[in-house]
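Q: One structure coming up, written as structure tokens, with questions to follow.
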Amino acid sequence: MADETTQGAAGAQQAGNGAQPVLSVLTQYIKDLSFENPGAPGSLRGRDKAPAIGINVNVNANALSEQEFDVVLTLNAKAEDGSTVLFNVELVYGGVFRVANFPKEHMLPLLFIECPRILFPFARQILSDCTRNGGFPPLLIDPIDFATMFQQRMAEEQARAKVQTN
């Protein structure tokens, strides 16, 4: 894939050494993709009401080197009609990012907010195509507020750390 460069509010500021901050996408990839349609072809019949769809999202990041990071977005979606599972889809979608010349305090927000924000439209399209190809209407996940997810995750980790120290 072609390199992308993104500079947010943090990128507008010069790093301490005077070099311009850079966030580049080196590659994107599907790590795991699973689609289950356990009741086919019966599950493909018309319905009077929309099924209940539960969606879970998770983000993880790992350093590959001092400036390269693997960011993984995991999306799970399960559609049910009562107790009957219509479909279950899981996508683990990753990207390798080069992050250079950012202050240390901006690294976690970059990796857990900006990088998933870049990956999400591609992962969303893969899930949409997968459910459509599985015989269902395309699953179009609403945009995700990764900043709120990050804030919630940080608050949970702080609460966990506080409990462990008591």
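Readers should treat all values here as calculations from the given coordinates under stated rules, not as data from a laboratory. Keep in mind that what you see is a predicted model, and the values were worked out from it rather than measured. Glycine also receives a Cβ, built like all others from the backbone with ideal geometry; neighbour counts cover every protein chain displayed.
Q: Could you state the angle between the C-alpha long axis of helix 146-165 and the longest principal axis of the C-alpha atoms of the chain, as a value from 0 to 90 degrees rounded to the nearest 10?
A: So the helix axis and the longest Cα principal axis differ by about 80 degrees.
Q: Multiply the residue gap between residue 83 and residue 151 by 0.36 nm, knock off their C-alpha separation, and tell me the result in nm, one decimal place.
A: Numbers: separation 68, 0.36 × 68 = 24.48 nm, distance 3.36 nm.
Difference between extended and current length: 21.1 nm.
Q: May I pose another question? Tell me, in nm to one decimal, what length is gained between residue 45 and residue 33 on full extension, where the rule is 0.36 nm per residue of separation less the Cα-Cα distance?
A: Details: separation 12, 0.36 × 12 = 4.32 nm, distance 2.45 nm.
Between residue 45 and residue 33, full extension yields 1.9 nm more.
Q: A follow-up question, please. Just one of (i) 23, 19, 17; (ii) 30, 23, 14; (iii) 36, 20, 12 is semi-axes √(5λ) of the Cα gyration tensor in Å calculated from these coordinates, so which is it?
A: Looking at semi-axes √(5λ) of the Cα gyration tensor in Å for this model, the match is (iii).
Q: Given 82, 130, 141, which one lies farthest toward the positive end of the charge dipole of the chain, if we put +1 on the Cβ of every Lys and Arg and -1 on the Cβ of every Asp and Glu?
A: 82
Q: To the nearest 20 debye, what is the magnitude of the charge dipole of the chain about its Cα centre, counting +1 on the Cβ of each Lys and Arg and -1 on the Cβ of each Asp and Glu? Don't skip to the end; give the middle numbers.
A: Working: 13 positive and 18 negative charges, 56 e Å.
With only Lys, Arg, Asp and Glu charged at Cβ, the dipole is about 260 debye.
Q: Here's another thing I want to ask about it. Springs between alpha-carbon pairs under 10 angstrom, Gaussian network model over the chain: which of 78, 31, 104 fluctuates most?
A: Result: 104 has the largest fluctuation of those listed.
Q: With the cut-off at 1.5 for a/c, could you classify segment 74-144 from its C-alpha gyration tensor as rounded, prolate or oblate? Kindly include the intermediate steps, with their values, before the conclusion.
A: Numbers: a/c = 3.65, a/b = 2.67, b/c = 1.37.
Verdict is prolate for segment 74-144.
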